[in-house]
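The values are calculated or read from the model by the stated rules, or taken from the named source; none is laboratory data. Keep in mind that what you see is a predicted model, and the values were worked out from it rather than measured. Using ideal geometry, Cβ is built from the backbone for each residue, glycine included, and neighbour counts are taken over all protein chains shown.
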Ligand SMILES: [Fe+2]
């Protein structure tokens, strides 16, 4: 017969100090463009992407659409690429990564009509990945990040409150003009678009130049 261990009411502590140390944290950088900058960028990209999509008549407008994967080289995306470049530099500085060159290995847009979702995935052979929101109405304004530590899901206790420390999935709210930058190995997914509008996002992959050129080509 097992012995129940009852957690007693907290007595006078004999602990001199009691700290929780967060080791091996997973960083997600959340960057919000200035409203007037975001408005101008988004207005332009909506027009450009609508044109790209309509130029591919085999894609019905009520179906999810993904652009070609070299938008990081496209002239109309250079302003956004510049902002992402700055955010990547800040993230690498935060991580104390030694001075080294990096490059965009891919850039693409997703246009998701009502009902469109994106299954769980990650971006192999890159160091950082990001998503920028051009249009994200309420009901289409979240992304899910999933705990990649499978061992952490061997025992899942009942909790009194969901926190980032005990969650297996973090459902993050996003908004237009927001850029999320995260490690490329971090699995993520997107719930079905429950708004009545198109969700438009632009994603980029980033890798250290020397690694991309000499070690491995990006794997989509
Ligand atoms: Fe992704």
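Worth a mention:
- Criterion violated by residue 24 - all others in (1) within 25 Å of residue 146 (Cα to Cα); (2) modelled with pLDDT of 95 or more; (3) out of contact with any strand residue (DSSP E or B) (no Cβ under 6 Å at 6 or more places or on another chain) satisfied: (2)
- In segment 136-159 there is no residue matching the filter, namely being within 14 Å of residue 202 (Cα to Cα), crowded, with 16+ Cβ neighbours inside 10 Å and in contact with a helix residue (DSSP H, G or I) (Cβ under 8 Å, 6 or more places away or on another chain).
- Segments classed as strands (runs of 3 or more DSSP E), wholly inside segment 49-135, with at least 1 members that are within 19 Å of the chain's Cα centre (by Cα) and more than 16 Å from the ligand (Cβ to nearest atom): 102-112, 128-135
- Any hit, segment 46-56, residues being touching a helix residue (DSSP H, G or I) at 6+ places or on another chain (Cβ under 6 Å) and over 27 Å from residue 185 (Cα atoms): yes
- Qualifying residue in segment 169-190 (condition: over 25 Å from residue 87 (Cα atoms) and in a loop (DSSP other than H, G, I, E, B)): no
- For segment 192-213, a tally of residues being away from the ligand (no atom under 14 Å from the Cβ) and either within 12 Å of residue 138 (Cα to Cα) or assigned to a loop (DSSP other than H, G, I, E, B) (or both) returns 7.
- Residue within segment 15-27 that is part of a helix (DSSP H, G or I) and either in contact (Cβ under 8 Å) with a residue 60 or more places away in the chain or out of contact with any helix residue (DSSP H, G or I) (no Cβ under 9 Å at 6 or more places or on another chain) (or both) present: no
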